[in-house]
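Nothing in this text is a laboratory measurement; each read-out follows from the coordinates by a stated rule. All values reported here derive from a predicted model rather than from experimental measurement. Virtual Cβ from ideal backbone geometry, glycine too; neighbours counted across all protein chains shown.
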Amino acid sequence: MKLGLNGLGRIGKLSLWHHVGRKHFSEIVANVGREIGTSLNDLAASIERDSSYGRLSGYLFGACHDQRVIEELNDKEGTMRVNGVPVKILRTARNPKDIAWKENDVRLVVDTTGVFTDPTAGPDSPRGAFRGHLQAGAEKVLLSAPFKIKEKGMAMPDDAVTTVMGINDEDYIPGKHTLISAASCTTTCLSYMIKPLLDQIGAENFLSASMVTVHAATGSQQVLDRLPNTGATDLRKSRSILNNIILTTTGAARALPLVIPEMRSIGFIAESVRIPTNTGSIIVLVLNLQDDLGDPIKRDKINTIYQEFAKTSPYLLYSEEQNVSSDVIGMPFAATIIEGTETHTRTANIQVNLAKLGLGNGDKDKIDVPVTQAVIYGWYDNELGSYTNMLADRTVSIADQMV
């Protein structure tokens, strides 16, 4: 089977790296929709080197390997071999419905552009649409971002589903779903922080939850300050990421219930802070948990839950080392690295005023409820090590189920 990649930005390029190393697909057809530089050799040079992860040859064979792994470039045909894998570059169409997937026998496409995220938009939408890939000949399309329905009140289409590899794979039904979102790097990390605790502690004992991701810079941010776009409401997006901490938003609170339905019954807030690093991020998760009388939830119990889950899941790592963000860059197939030494809990009796709930009864207007507040830290490489590898596993699993 051939694999189609729409876009060779951060996730698209690193997905190419992954798949030419894995060699699960016979050929990769990558659409960039325009000429890159002055020749195909310029595109090859961009693929071959990366400021965050070094050279492709080092990624494939180790730091001491410095030979070029991109060969047989044909500028006219847009073809090359990358680590022996045939790669064809499409350079004419930007709109998904116009990309030559059918002509190139591509049945499975991963869209990594971040532009086409609305599963309800029709294929003939003026600026292009995610569903356009199907019109162009693809049978299944994965999105390397959360779905975003632009029109309020529109329901998720029946043929669309959001999954995180290893969390809710079973939600994907091959005969039903053609549009699949692999959520986001933050939602992927967060789901592996939440799922083990829900399984062992129970959703009914979660009083509230909140998280902040301290996130590396992304391609949507500015290198230097510039004037905001017309109609822009968030002026911080036009400020330099080189020397600022920038408050922004995350869609994790909206996406997580699509992956873990139990979260719909739990009050949850998610926030994001961008910092001047190139990759490597961390989630600070804060939970308020109701305890059983005489049996408070302590840090050892929480850490033990993660340790046991890590024994059966290849995507969760538990660490008692004192990590910094650069330590997790490139760490393979780890959706989340729990920083066990920094798990903290504090248990106290919270006084609840029943009168405010209309349940007061004289001298029994107030009761004490034992509550534990827990703070948990989870690292993730938001580009290659965590998200791209998880996306690739999801891609291969879907490919294996296609007839």
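Helix 185-201 and the longest principal axis of the Cα set of the chain meet at an angle near 40°. Given a cut-off of 32 Å, name the pairs among Lys102/Lys148; Lys102/Lys150; Lys88/Lys237 whose C-alpha atoms lie farther apart than that in the structure shown. Over 32 Å Cα-Cα: Lys88/Lys237. Inter-label distance, Ala155 to Ser26: 4.0 nm, where each label sits 7 Å from its Cα along the C-beta direction. Each Cα pair under 8 Å and six or more residues apart adds its separation to the average, and for the chain the resulting relative contact order is 14 percent. Relative to the longest principal axis of the Cα atoms of the chain, the long axis of helix 10-22 lies at roughly 70 degrees. Can you return the aspartates and glutamates within cross-link range of Lys176? Criterion is Cα-Cα under 13 Å, with same-chain partners fewer than 8 residues away left out. Once the sequence-local aspartates and glutamates are set aside, what remains near Lys176 is Glu139, Asp158, Asp159. The distance between label points at Ser39 and Ile269 comes to 5.7 nm (points 7 Å beyond Cα on the Cα→Cβ vector).
Working ranking of peptides 157-165, 19-27 by packing, defined as the average number of other Cβ atoms within 10 Å per residue, highest first, is 157-165, 19-27.
Sorted by mean Cβ packing within 10 Å, highest first, what order do the peptides 327-336, 94-103 take? Write out the running numbers ahead of the final one.
Numbers: 327-336: 20.9, 94-103: 19.0.
Taking the mean over residues of other Cβ atoms within 10 Å, the ranking is 327-336, 94-103.
Placing a pseudo-label 7 Å from each Cα along the Cα-to-Cβ vector at Gln222 and Lys76 gives an inter-label distance of 4.6 nm. Of the peptides 393-401, 306-314, the order by per-residue mean of other Cβ atoms within 10 Å, starting with the highest, comes out as 393-401, 306-314. Between the range 367-396 and the range 27-87, what is the C-alpha centre distance in whole Å? After rounding, the separation between the Cα centres reads 32 Å. Given the Cα-Cα distance of Thr233 and Arg127 and 0.36 nm per residue of separation, how much length would full extension add, in nm? The Thr233-Arg127 span can extend by a further 36.0 nm.
Let me have the 222 nm mean residue ellipticity of the chain computed from DSSP H runs of 4+ only, each contributing -39500 (n - 2.57), with the sum over all residues rounded to the nearest 500. Spell out each step's value before the answer.
Values: 8 runs with 83 residues, N = 403.
That calculation yields -6000 deg cm²/dmol at 222 nm.
If Lys and Arg each add +1 and Asp and Glu each add -1, what is the summed charge of the other residues whose beta carbon sits under 12 Å from the beta carbon of Pro332? The partial results should precede the final answer.
Details: positive: Arg22; negative: Asp381, Asp393.
Local charge sum for Pro332: -1.
If I fit a long axis through the Cα atoms of helix 299-312 and take the longest principal axis of the Cα atoms of the chain, what angle between them do I get, 0 to 90°, rounded to 10? So the inclination is approximately 30 degrees. Cross-link reach is defined here as a Cα-Cα straight distance under 22 Å, omitting same-chain residues fewer than 8 places apart; for Lys311 the lysines meeting it are Lys195, Lys298, Lys301.
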